[in-house]
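As structure tokens, the structure follows; a few thoughts come after it.
The values are calculated or read from the model by the stated rules, or taken from the named source; none is laboratory data. Remember, it's a predicted structure, so these values are computed and weren't measured experimentally. All Cβ positions, even for glycine, are placed from backbone atoms using ideal geometry, and neighbour counts span all protein chains on display. With ligands, DNA and RNA removed, areas are computed over all heavy atoms of the protein, side chains included. Shrake-Rupley method; radii C 1.70, N 1.55, O 1.52, S 1.80 Å.
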Amino acid sequence: MESLNRSLSLLFIVVCSLSWVSASANSHDDFLECLYSYHPKESSSFTQVIYTETNSSYSAVLDSSIRNHRFSMPNTPKPLVIVIPLNISHVQATIHCSKKHGLQIRTRSGGHDFEGLSYVSHVPFVVIDLVNLRSVDVDVENEEAWVQSGATVGEVFYRINERSTNLTFAAAVVRTVGIGGLISGGGDGLLFRKYGLSVDNVIDAQLVDANGRVLDRRSMGEDLFWAIRGGGGGSFGIVISWKIKLVHVPSTVTVFSVGRTLEQNATQLLHRWQYVAPNLPNDVYSLVAISTTNASENGAKTVLATFTSLFQGDANEFIPLMQERFPELGLVKEDFIEMTWIESLLLMNGVSNETSEILLDRSNRYSLLPPSFKSKSDYVREPMPEIALQGLWPQLLEVDEGGIAVQNFIAYGGIMEEISETETPFPHRKGTLYKINYNIGWLEEENNNSQRYISWMRKLYSYMGPFVSKSPREAYVNYRDLDIGRNNYYGKTSYKQASIWGRKYFKNNFDRLVYVKTKTDPKNFFKHEQSIPPRFH
């Protein structure tokens, strides 16, 4: 029986592969013809926004915002067509023609999808790349802005700063992250302990649904508006733009970043940080990056913990605060650097020697991430004991020279304690001490060894299980991780199957997301390996 099941599984894969070839051959021309005929008077405009594999620019366009090169290999499935819409009509036409000819849609803004789901599919598909829909219209007087989904975080920060140096948006740190993807999953950043997540500062949106309708908050209704603010991208429609609330930043912020090795009591300091950081004032952002270095006294490899904080205020206030709350870290006046808000963003992006115009650069230059990587996430609700941290270090030290392992511990607390976990789909609120983002990266020439690094990451994740949140073991949807569960590629996904990963990202909010999906996209047009399924699909 086992042999029969294995044979049937292989047959299923072969049939699906043949279906891909058949669909590719048949759907490609029909799809293009459908696009050109959708608005006959505008058919010429489509020639500017469509790329197929026969276009000389196809590969360059596809690769332009891929941030994880393990999803740009020769055997990685490629889209039949890439559409880079110039207006909403192009988006509506692509949805209509994809439905008509049985193609899946993947939507890309910045390309930072950790599992490549915004530009890879295992069934015939089309990519809608929102790069041309990236305007940022700032209203300083009302402290609001309309931001199109294709804008990057860096572009949003820059355009707001152009108009006011004391206003900004509560967004992520990395400048090349697409604002559409960020908001769709939550969006924590340097200001989230004071102002909440990106989704907590969205007041309207413009969405194209599976029927091609253009909806705003009023016409889509509060259920769907709730779902798109943190329920993950690719499930409910394509959000063209977001109306965001701007928040205040002072003229001066203060930053410190100090490293401590194991030989400099990093274990004890990190253990203590767990008690201190979540209880700091809301104006403080606190991160510890764990990596390895050869800086031990005898030149051997050791673990380095880099403690970084940003304070919305000047050093005269921040220095005594940290010396009182965290004297063990041994901070001195020289560790604190005052700067403007925009300068702090450049520093956090590793481009402090550049002008602020670098925030407009959408390329992967100066990226803090290796070309290829695997990431995971956890939320911690009880401080890890010192012995647990000591057990973590040998695993980090066993990564070979070809790999780069960095684990980020990001303190929660602040206003996050005051926002209900049902306010948006993002549930990781009260009681969360900090989030962990695990990363293992490698250079492109190491791609043949990628499985070795991914296996290492899974082993590390398994080790951490007893020390992090449980029932469910929580994860951050913007750090996509297909290891925690996935939907079927070809068949129907059951509620039970999807809830395996869904409750880790959304906890009990998953049920409301399924309800909204069932009501708004019952035929499950918008789908991928971790999209919300309709209840009875």
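Observations
- Protection proxy ranking of 320-330, 259-269, 180-190, 512-522 - average other beta-carbon atoms within 10 Å, highest first: 180-190, 512-522, 259-269, 320-330
- The slack between Asn55 and Ile387, meaning 0.36 nm per residue of separation minus the straight C-alpha distance, is 113.8 nm.
- Most to least packed among 169-175, 451-457, 150-156 [average Cβ atoms within 10 Å]: 150-156, 169-175, 451-457
- Largest-first ordering by accessible area, 1.4 Å probe, given options Met464, Met339: Met339, Met464
- Where the stretch 136-248 is the region considered: accessible area per residue in Å², 1.4 Å probe: 30
- Between Asn298 and Asp204, the modelled label-to-label distance comes to 6.6 nm, taking each label 7 Å out from Cα in the direction of the beta carbon.
- For Thr261 and Trp146, the FRET efficiency from 1/(1 + (r/R0)^6), where r spans their Cβ atoms and R0 equals 60 Å, is about 0.80.
- Cut-off under 5 Å, modelled amide H: who pairs with Asp204 long-range: Lys243
- The calculated FRET efficiency for Glu354 paired with Ile500, based on their beta-carbon distance and R0 = 41 Å, is about 0.40.
- Centroid-to-centroid separation of the stretch 92-167 and the stretch 62-80 [C-alpha atoms, Å]: 18
- Inter-part distance where the stretch 400-427 and the stretch 323-376 are each reduced to a Cα centre, Å: 18
- A helix-only calculation puts the chain at -10000 deg cm²/dmol for mean residue ellipticity at 222 nm, using -39500 (n - 2.57) for each DSSP H run of at least four residues, averaged over all residues.
- Trypsin sites (Lys or Arg not before Pro) restricted to DSSP loop in the stretch 350-388 with at most 14 other C-beta within 10 Å: Arg365
- Computed from the C-beta positions of Glu417 and Arg325, the FRET efficiency with R₀ = 22 Å rounds to 0.80.
- Across the chain, Cα pairs under 8 Å and at least six residues apart give a relative contact order of 14 percent.
- The label-point distance for Arg163 and Tyr366, in a model that sets each label 7 Å from Cα toward Cβ, rounds to 2.4 nm.
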